[in-house]
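First up is the structure itself, then whatever we jot down about it.
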Amino acid sequence: MLEMKSYKDEKIERIFPLENGFILWPRPNHVRTFKQILMIHQHLFEEVVPGRDSIAVLSTSKTREQLFYLVLDLLEDFSIQEDDVINPRQHLLPIQYDWNGEDVLGLCKLLSIDQESLFEIHASCTFTVEFFGFLPGFPYMSGLAESLQVPRKSRATKNVKAGSVAIANDMCGIYPQDSPGGWHVIGHIEEPLFDARLEPPSYIFPGDAVNFIP
């Protein structure tokens, strides 16, 4: 286990060494801020991979200890008191809600609400991009209203269209390409979020805020 400076113990829960870096678990009230800081400075590393509650920092050009103290130096530049230290970038994404979609009708029955209420609640949420997973460019976004939180579908849909906006548990996501999927699709956005030919391939990053505009 990497040694931690005592003045950082209050901000870092634990560290797990990897062959070419480490996984950092910040304490819960600092997770979002740590992600933002490290993503802003990701050019200093070979790779920064945010998870829901952790961040992997990787490099083959630096020793693990050099990498660790570089991260500590970056974090030391900020007075981290709470998660709103860094103002998130804001994205307003036009959405076409699927009024008569099979998933929408199923959700309305499950939640005992009508389509208009479902869409109004969803559009009122401000989402935070936590991490990418499942597919390249698939953003896992927290901030879904508790009244809309339902489990994944018991049976996955064989082909969910690219641009589909879907919810499951306490998360909202956007499918970057056609794919099987088990989340409840409620709408669609036209603008592509991910293109592997571009650098960077996505214009949204962990820590960014997202609102859907009907």
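What follows draws every value from the coordinates through simple rules; no lab data is involved. Only a predicted model underlies this, so the values are computations on that prediction, with no experimental measurement involved. Here the Cβ is made from the backbone with ideal geometry for all residues, glycine too, and neighbour counts use every protein chain on show.
Numbers for the structure displayed
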{"item": "HIS41, HIS30 arranged by Cβ crowding within 10 Å, fewest neighbours leading", "result": "HIS41, HIS30"}
{"item": "For TYR175, TYR69, TYR140, order by how many other beta-carbon atoms lie within 10 Å, fewest first", "result": "TYR69, TYR140, TYR175"}
{"item": "For the chain: relative contact order, % (alpha-carbon pairs under 8 angstrom, 6 or more apart)", "result": "20 percent"}
{"item": "Least to most buried among VAL165, VAL160 (fewest other Cβ within 10 Å first)", "result": "VAL160, VAL165"}
{"item": "P(r), alpha carbons of the chain - 5 Å bins starting at zero, rounded %", "result": "1, 7, 14, 18, 16, 13, 11, 9, 6, 3, 1, 0"}
{"item": "Directionally averaged projected area (convex hull, Cα atoms, segment 6-76), nm²", "result": "4.2 nm²"}
{"item": "Pairs of lysines in the chain (C-alpha under 21 Å apart; 8 or more residues apart or interchain)", "result": "7"}
{"item": "Cα gyration tensor shape of segment 90-213, rounded if a/c is under 1.5, else prolate or oblate by comparing a/b with b/c", "result": "prolate"}
{"item": "Mean separation of Cα contacts under 8 Å, 6 or more apart, over the residue count of segment 63-190: relative contact order %", "result": "23 percent"}
{"item": "Segment 144-214: C-alpha gyration tensor shape, a/c 1.5 cut-off, then a/b vs b/c", "result": "oblate"}
